[in-house]
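*Asks:* Please read through the structure below; I'll follow up with questions.
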Number of protein chains: 2
Amino acid sequence: MSKYWSKAVQGLDPYIPGEQPKDKVYVKLNTNENPYPPSPKAVQAMQAAADDKLRLYPPPACDELRDTIGAYYGLKKEQVFVGNGSDEVLAFSFMAFFDPGSPILFPDITYSFYPVYAALFHIDYQLVTLNEDFSIPVEGFWQPNGGIIFPNPNAPTGRYLSLAAIETILRKNRDQVVIVDEAYIDFGGESAVKLLRNYDNLLIIQTLSKSRSLAGLRVGFALGSVELIEALDRVKNSINSYTLDRIALAGAVEAFKDEVHFEETRQKIMATRQRVVVSVEKLGFEVVPSTANLIFISHPIVPAERIFRELRERGVLVRYFKKPRIDNFLRVSIGSDEEMDCFLTALRDIVK
Amino acid sequence: MSKYWSKAVQGLDPYIPGEQPKDKVYVKLNTNENPYPPSPKAVQAMQAAADDKLRLYPPPACDELRDTIGAYYGLKKEQVFVGNGSDEVLAFSFMAFFDPGSPILFPDITYSFYPVYAALFHIDYQLVTLNEDFSIPVEGFWQPNGGIIFPNPNAPTGRYLSLAAIETILRKNRDQVVIVDEAYIDFGGESAVKLLRNYDNLLIIQTLSKSRSLAGLRVGFALGSVELIEALDRVKNSINSYTLDRIALAGAVEAFKDEVHFEETRQKIMATRQRVVVSVEKLGFEVVPSTANLIFISHPIVPAERIFRELRERGVLVRYFKKPRIDNFLRVSIGSDEEMDCFLTALRDIVK
């Protein structure tokens, strides 16, 4: 604390990302990174873009990337916003669509960055209590509100909400913006993108960090009606005219074009997830149904915090949240088959 | 305008960056880009960093880059903050150090992004009127205020303020944060970094876009006391845990280490500036003394707006601001000698 800090900063409780320890090499299943490399075409495009043209500013409107993502989803580029990771897109969305004094709604168990954004931008919020099985009670979103946000599938549970349920939420909230944070949608869920046709209050946010193996490149995007995207552009152009560098733009375009690599990678992860679910269930774990590149698991006897600690001692990192309702669960990213075998071997040893 | 926009966004008047036209190839002297390529070592490092490790998140604390910049300036890494271009660092600084209801001070003629940040974050401001010759009247910053920001050298004039004058401002404002925006400092000015020893209310912001030829990479940084840097970290970690991608981090480190390339490049630009100043003065122009990679010029007879238009027709882009007090001036970036010869030839033709 310092007398020089603004009141806003004095009140902050920043987000803490999953640890990136350097003391030894871990099997890293704690930040939902993709175990497979990005598209070789994307890597090649980035190497080519690392050239003397870096002396020039990037194209501020990012038209080529917006066109490419738009074409993939059957949207025009004016319906696509791109930013420096989906976290930045989320932060801009809080500024663009939510107002102080008009509480927004999000689940009590969800991405822990939402309350951080709310605090930073002075947005009040009400929590919607998830059902016992961590499914989202849609009627929780029918109360008066200043906006809605939830991930689908939800974080850190991986639990998916059907498009029919999402449509009910959109219909009951025609005057508010409903943000569906689809960071994990490519691992088995169906995107709400088809609902954009009928709901101009829907904003979808995605990332290239998970299904396109580019966490290290920082590219996220939003899909929505032209007027919602224009609001995000206005926020961006009031903060930083150029949020994506030339190399990231080049890599992101090629990553989106390489559908074969994308398809192969996500299918492998879904197959591994299926196998791991069977194995941990055999060890007595409860497993929340997941359509994400993670599983959320709890053991009836051995406490999650102990498993977390003992996995770490055995060189396996997973994520543990010491929070109400989920403090006996572990979030385990789906790595390669080899990584998951290490995890399962260690786990067997711990709960045997 | 849309009913879905937040009140904050409805009131925004976003910054407009210099145009990047695609209709033909221009001699581009309108966005203060560096005419020389970045360090070959930086380019090589970026090519090497474009690899399969992009599937992993970048190091969130950016220790290596902070160490490198700190070493260059004789500071520890806790005194260095890095961000996605100096515009992002500026935006975070407005959030970190300024409060609504306590008007900050900046010059009436300055970087046009400052009032945009102020509007976005609801920060009131008072303008300090520059002297007739565009020099900063230090006593203008002695009135009560909630913080101070100005570029040194100033934008868009290029005019430099001595460290002695800056120290007076710091001493008279011990309870407020004074931000010195040194985007152009490497082209002849002396950085205020040596004042950090005695003033924990000083924050210096710099960029790799100009003197290190990396506008396309989006890396900026701040130097200050440990407590000021901690405030910026808190803001960053409440918006986006990873603002710099793996490739940008690798390139920025090498760009800072390659002092030979840096020195050669900036010396060439300063020599060209000197030559161009003599030439435009011969054509009758008034030239504001510049320590930046730009000159700010006005002709006693031919209106600046007409020169701007006619230069554009001749394939030369410069920047014209239709704003009080400077609407008869042109901001001209210092390009290569060849580019400046094109500019001078066109200029001679227009004002002859």
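*Asks:* Only one of B:Thr157, B:Thr168 is over 23 Å from B:Val89 (Cβ atoms) and modelled with pLDDT of 95 or more; which?
*Replies:* That would be B:Thr168, the only listed residue that is over 23 Å from B:Val89 (Cβ atoms) and modelled with pLDDT of 95 or more.
*Asks:* Here are some residues: A:Ser86, A:Ser162. Which one is hydroxyl-bearing (Ser, Thr, Tyr), more than 10 Å from chain B (Cβ to nearest Cβ) and within 23 Å of A:Ile326 (Cβ to Cβ)?
*Replies:* Details: A:Ser86 fails: more than 10 Å from chain B (Cβ to nearest Cβ).
Step by step, each of A:Ser86, A:Ser162 is checked, and only A:Ser162 is hydroxyl-bearing (Ser, Thr, Tyr), more than 10 Å from chain B (Cβ to nearest Cβ) and within 23 Å of A:Ile326 (Cβ to Cβ).
Results for (1) under 13 Å from the mean Cα position of the chain (by Cα); (2) more than 11 Å from chain B (Cβ to nearest Cβ); (3) on the phi < 0 side of the Ramachandran plot, shown as yes or no for each residue.
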{"residue": "A:Asp186", "(1), (2), (3)": "yes, yes, yes"}
{"residue": "A:Gly189", "(1), (2), (3)": "no, yes, yes"}
{"residue": "A:Arg197", "(1), (2), (3)": "no, yes, yes"}
{"residue": "A:Asn201", "(1), (2), (3)": "no, no, yes"}
{"residue": "A:Ile204", "(1), (2), (3)": "yes, yes, yes"}
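*Asks:* It is to be established whether one or more residues within the range A:32-40 are more than 19 Å from A:Ser211 (Cβ to Cβ) and of a type in the set (D, E, K, R).
*Replies:* There is no residue in the range A:32-40 that is more than 19 Å from A:Ser211 (Cβ to Cβ) and of a type in the set (D, E, K, R).
*Asks:* Find the residue count for the range B:155-186, including only residues that are out of contact with any Phe, Trp or Tyr (no Cβ under 7 Å at 6 or more places or on another chain) and over 19 Å from A:Ser6 (Cα atoms).
*Replies:* 15
*Asks:* Can you name the residue in the range B:1-15 that is buried (at least 16 other Cβ atoms within 10 Å of the Cβ) and outside any loop (DSSP other than H, G, I, E, B) and, of all such residues, is modelled with the highest pLDDT?
*Replies:* Filtering first and then ranking leaves B:Val9.
*Asks:* In the range A:98-112, is there at least one residue being within 9 Å of another protein chain (Cβ to nearest Cβ) and more than 21 Å from A:Lys7 (Cβ to Cβ)?
*Replies:* No, the range A:98-112 contains no residue that is within 9 Å of another protein chain (Cβ to nearest Cβ) and more than 21 Å from A:Lys7 (Cβ to Cβ).
*Asks:* Still on this model: Residue by residue through the range B:24-42, note down the ones that are under 18 Å from B:Thr207 (Cα atoms) and either under 18 Å from the mean Cα position of the chain (by Cα) or part of a loop (DSSP other than H, G, I, E, B) (or both).
*Replies:* Across the range B:24-42, the qualifying residues are B:Asn30, B:Thr31, B:Asn32, B:Glu33, B:Asn34, B:Pro35, B:Tyr36, B:Pro37, B:Pro38, B:Ser39.
*Asks:* Here is a further query. Could you grab me the full set of residues in the range B:241-256 that are more than 21 Å from the chain's Cα centre (by Cα), within 8 Å of chain A (Cβ to nearest Cβ) and not in a loop (DSSP other than H, G, I, E, B)?
*Replies:* Result: B:Arg246, B:Ile247.
*Asks:* Only one of (1) assigned to a loop (DSSP other than H, G, I, E, B); (2) outside the structural domain of B:Thr207 (by TED's automatic domain parsing) is not met by B:Ser238, so which one is it?
*Replies:* For B:Ser238, the failing item is (2).
*Asks:* A follow-up question, please. Only one of A:Val287, A:Val316, A:Val278 is free of Cβ contacts under 8 Å to residues at least 60 places away in the same chain, of a type in the set (A, V, I, L, M) and over 22 Å from A:Glu182 (Cα atoms); which?
*Replies:* On inspection, the qualifying residue turns out to be A:Val278.
*Asks:* Determine which member of the set B:Ile239, B:Ile269, B:Ile229, B:Ile247 is buried (at least 19 other Cβ atoms within 10 Å of the Cβ), under 23 Å from B:Leu344 (Cβ atoms) and of a type in the set (A, V, I, L, M, F, W, C). Break it down into steps so the answer makes sense when it comes.
*Replies:* Details: B:Ile239 fails: under 23 Å from B:Leu344 (Cβ atoms); B:Ile229 fails: under 23 Å from B:Leu344 (Cβ atoms); B:Ile247 fails: under 23 Å from B:Leu344 (Cβ atoms).
Among B:Ile239, B:Ile269, B:Ile229, B:Ile247, only B:Ile269 is buried (at least 19 other Cβ atoms within 10 Å of the Cβ), under 23 Å from B:Leu344 (Cβ atoms) and of a type in the set (A, V, I, L, M, F, W, C).
*Asks:* Further question: Restricting the search to the range A:16-34, which residues are at the interface with another protein chain (Cβ under 7 Å from one of its Cβ atoms) and either at pLDDT below 85 or farther than 21 Å from B:Tyr242 by Cα (or both)?
*Replies:* Pass one, the range A:16-34, residues at the interface with another protein chain (Cβ under 7 Å from one of its Cβ atoms): A:17, A:20, A:31, A:33-34.
Across the range A:16-34, the qualifying residues are A:Pro17, A:Gln20.
*Asks:* If you don't mind, there's one more thing I want to ask. Can you give me the number of residues within the range A:284-335 that are crowded, with 17+ Cβ neighbours inside 10 Å, within 19 Å of A:Asp349 (Cα to Cα) and small (Gly, Ala, Ser)?
*Replies:* Residues that pass the stated criteria total 2.
*Asks:* Of all residues being within 16 Å of B:Pro324 (Cβ to Cβ) and out of contact with any Asp or Glu (no Cβ under 7 Å at 6 or more places or on another chain) in the range B:127-153, which is farthest from the other protein chains (Cβ to nearest Cβ)? Just the residue, please.
*Replies:* So, considering only residues that are within 16 Å of B:Pro324 (Cβ to Cβ) and out of contact with any Asp or Glu (no Cβ under 7 Å at 6 or more places or on another chain), the one farthest from the other protein chains (Cβ to nearest Cβ) is B:Glu132.
*Asks:* Name the single residue, out of those in the range B:50-68 being touching a residue at least 24 places away in the same chain (Cβ under 8 Å) and in contact with a Leu (Cβ under 8 Å, 6 or more places away or on another chain), that is farthest from the other protein chains (Cβ to nearest Cβ).
*Replies:* By that ranking, first place goes to B:Leu65.
The values are calculated or read from the model by the stated rules, or taken from the named source; none is laboratory data. Remember, predicted model here, so these are calculated numbers, not experimental data. Every residue, glycine among them, receives a Cβ derived from its backbone with ideal geometry; neighbour counts consider all protein chains shown.
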